[in-house]
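Everything on this sheet refers to the single structure shown next.
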Amino acid sequence: MIRDSRLLGLGLMIVVWVEFPVAICAADLAGSGAVASPATEPQSPQVPPLASGVFSSQKRGTMKFHLSVTGHAFTSRDAIEKYIAYRAAELAMSEHASWFTLVETRAKSDMAPLPKTDPAGPRFSFRMEYWRPVWRYKTGESAAWTSWSPFSGTNFFTGDPITTYEASADIVLHKGMMASDNPLAFDAGALSGFLVNQVSPPQ
């Protein structure tokens with residue numbers, strides 16, 4: 001009888017010794033979150049959104065839009081113009097258009113030659129040399145705006161630091177097959193994919 005009691009006590013000790021560490025391990029894992037299923041985190045956009053008022057688009061007809069970017073931290077002409085082009089492509093796709101054309105704003109005194117049609121141009125072309133917004137800017141403590149056109153034949157400003165700027169472009173949205181021979185035509189999807197990793201919001 002005594003022997004049976006000792007065997008029973010030994011068995012209970014073994015059971016407690018086995019179950020107690022298992023309970024501790026389970027509690028530790030639960031406390032650390034290691035056994036929790038991973039949560040699905042929302043993917044952030046590749047290009048962060050602009051602050052209110054920096055980028056704007058105004059509808060000026062059935063399919064015509066005026067786009068502009070304004071800011072105070074000038075980086076480079078190339079970076080800001082690429083950002084406007086990216087937003088133009090995004091706008092076109094949001095309006096269910098497949099491509100768009102740049103409307104060149106020219107004055108009688110402008111000297112840059114008109115772009116010629118290019119029958120050999122690729123159908124989904126996004127030739128950035130033909131993406132030419134117009135500019136105005138302020139330098140130093142000046143309260144006056146200086147305007148610059150890429151068609152004027154003069155160089156872009158390279159003097160005092162630019163303190164305030166505005167770059168703008170007019171575009172017309174199109175659906176269907178793109179006019180592949182028009183150097184001012186841009187495929188919205190192709191252009192967006194080309195620029196998405198090259199642009200960031202101006203300040």
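The values are calculated or read from the model by the stated rules, or taken from the named source; none is laboratory data. The structure displayed is predicted, hence computed values, not measured ones. Here the Cβ is made from the backbone with ideal geometry for all residues, glycine too, and neighbour counts use every protein chain on show.
Things to note:
- Number of the exception - W145 against (1) crowded, with 16+ Cβ neighbours inside 10 Å; (2) closer than 17 Å to G71 by Cβ; (3) free of Cβ contacts under 8 Å to residues at least 40 places away in the same chain: (1)
- On the stretch given as segment 83-106, residues that are modelled with pLDDT of 90 or more and under 18 Å from N155 (Cα atoms) total 2.
- Taking the criterion of being part of a loop (DSSP other than H, G, I, E, B), more than 30 Å from A73 (Cβ to Cβ) and touching a strand residue (DSSP E or B) at 6+ places or on another chain (Cβ under 6 Å), the residues of segment 96-146 that qualify are A97, F124.
- Some residue of segment 133-141 being in the same structural domain as D181 (by TED's automatic domain parsing), at pLDDT 90 or above and small (G, A, S): no
- Residue count for segment 188-199, restricted to those that are hydroxyl-bearing (S, T, Y) and either over 19 Å from H96 (Cα atoms) or free of Cβ contacts under 8 Å to residues at least 60 places away in the same chain (or both): 0
- The requirement of being surrounded by 14 or more Cβ atoms within 10 Å (Cβ to Cβ), touching a Leu at 6+ places or on another chain (Cβ under 8 Å) and at pLDDT 95 or above is fulfilled nowhere in segment 189-202; no residue meets it.
Here's the yes/no breakdown for (1) free of Cβ contacts under 8 Å to residues at least 40 places away in the same chain; (2) in the same structural domain as R106 (by TED's automatic domain parsing); (3) over 26 Å from D110 (Cβ atoms):
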| position | (1), (2), (3) |
| --- | --- |
| P150 | yes, yes, no |
| F156 | no, yes, no |
| D160 | yes, yes, no |
| L173 | no, yes, no |
| G176 | no, yes, yes |
| F186 | no, yes, no |
| P201 | no, no, yes |
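- W145 modelled with pLDDT of 95 or more, more than 17 Å from L184 (Cβ to Cβ) and among the hydrophobic types (A, V, I, L, M, F, W, C): no
- Among the conditions (1) farther than 22 Å from F55 by Cβ; (2) part of a loop (DSSP other than H, G, I, E, B); (3) within 25 Å of the chain's Cα centre (by Cα), Q203 misses just one, which is (1).
- Enumeration of residues in segment 147-184 that are outside any loop (DSSP other than H, G, I, E, B), in contact with a helix residue (DSSP H, G or I) (Cβ under 9 Å, 6 or more places away or on another chain) and not polar (S, T, N, Q): Y165, A167, A169, I171, L173, H174
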